[in-house]
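Data block below; observations after.
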Amino acid sequence: MRKVFQEELTQVGDDLIEISKLVHEAITKATTSFEGADVDLAQDVIAADARIDFLQNSLDERAIDILALQGPVASDLRMIVGSLRMSASLERMGDLARHVAQLARLRYPATVIPAPLTQTFKAMAQHDIEITAKVIELLETRDLEVARDILKINIAVDDLHLSVFKAIASPEWSESPSTTVDVALASRYFERFADHGVSVARKVTYLVTGEWQPEGF
């Protein structure tokens, strides 16, 4: 019975890794479609989000069944509850990648971001891609140095996000209202994506240490 229980726990961990890899693929493709006005790639991202949703639902059902049937305690209980919360963060990251792709599709054949902010958004997107790569590594290894790397990258994303809002609030900003809204939304999507990566990192840290880490761990 214990062997079956451990196999179920292992499967939950494997499912989290699989979802994180799909999220990494989603944000990578969404970024490419966003920067290059690639409507076909944007549509691929939008359609593929259903797979992330399905896997999250399956993981949650598996975790709830374990809670109901196995009665896990201590570290095993932390693993199950933490996995439920991490799956929600990963699913939301998939949604945010989809939102980025939807913006690209909406403004096709034009690009979403005006030239003066192109490099800012390119940097923000690359940070998000790096965060998902780190999330995959963290889920595979539970190396807390990787968790701290995610936090550092998130700080860089926050700084870029702030710079975007300073730019659109500047008297020199002359873009149309629709472009201003697009820029604000896109910046928010990339910023929130990174925040959810931090959320996963905090939960893995909790699983490893048994202690909930304060902000800025």
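Miscellaneous remarks
- Check on A194, assigned to a helix (DSSP H, G or I) and without any contact (Cβ under 8 Å) to a residue 60 or more places away in the chain: no
- V183 in a helix (DSSP H, G or I) and over 19 Å from R107 (Cβ atoms): no
- Tally of residues being under 21 Å from the mean Cα position of the chain (by Cα), modelled with pLDDT of 95 or more and either crowded, with 20+ Cβ neighbours inside 10 Å or of a type outside the set (A, V, I, L, M, F, W, C) (or both) across segment 70-110: 19
- Residue among V23, V39 that is under 21 Å from T132 (Cα atoms) and in contact (Cβ under 8 Å) with a residue 24 or more places away in the chain: V23
- Subset tally (residues that are surrounded by fewer than 16 Cβ atoms within 10 Å (Cβ to Cβ) and of a type in the set (D, E)) for segment 112-157: 3
- Looking only at segment 149-163, and only at residues there that are in contact with a helix residue (DSSP H, G or I) (Cβ under 6 Å, 6 or more places away or on another chain) and β-branched (V, I, T), the one that is farthest from A186 (Cα to Cα): I150
- Filter result for the condition that a residue is without any contact (Cβ under 8 Å) to a residue 40 or more places away in the chain and under 17 Å from the mean Cα position of the chain (by Cα), over E211, E172, E137: E137
- Filtering segment 134-176 to residues that are under 18 Å from S83 (Cα atoms), out of contact with any Lys or Arg (no Cβ under 7 Å at 6 or more places or on another chain), in a helix (DSSP H, G or I) and not polar (S, T, N, Q) leaves K134, V135, E137, L138, L139, E140, L144, A147.
- Counted residues, segment 177-204 - those being of a type in the set (A, V, I, L, M), farther than 30 Å from G82 by Cα and crowded, with 16+ Cβ neighbours inside 10 Å: 1
The values are calculated or read from the model by the stated rules, or taken from the named source; none is laboratory data. Given the structure is predicted, the values throughout are model-derived calculations rather than measurements. Every residue, glycine as well, gets a Cβ built from its backbone with ideal geometry; the counts of neighbours run over all protein chains shown.
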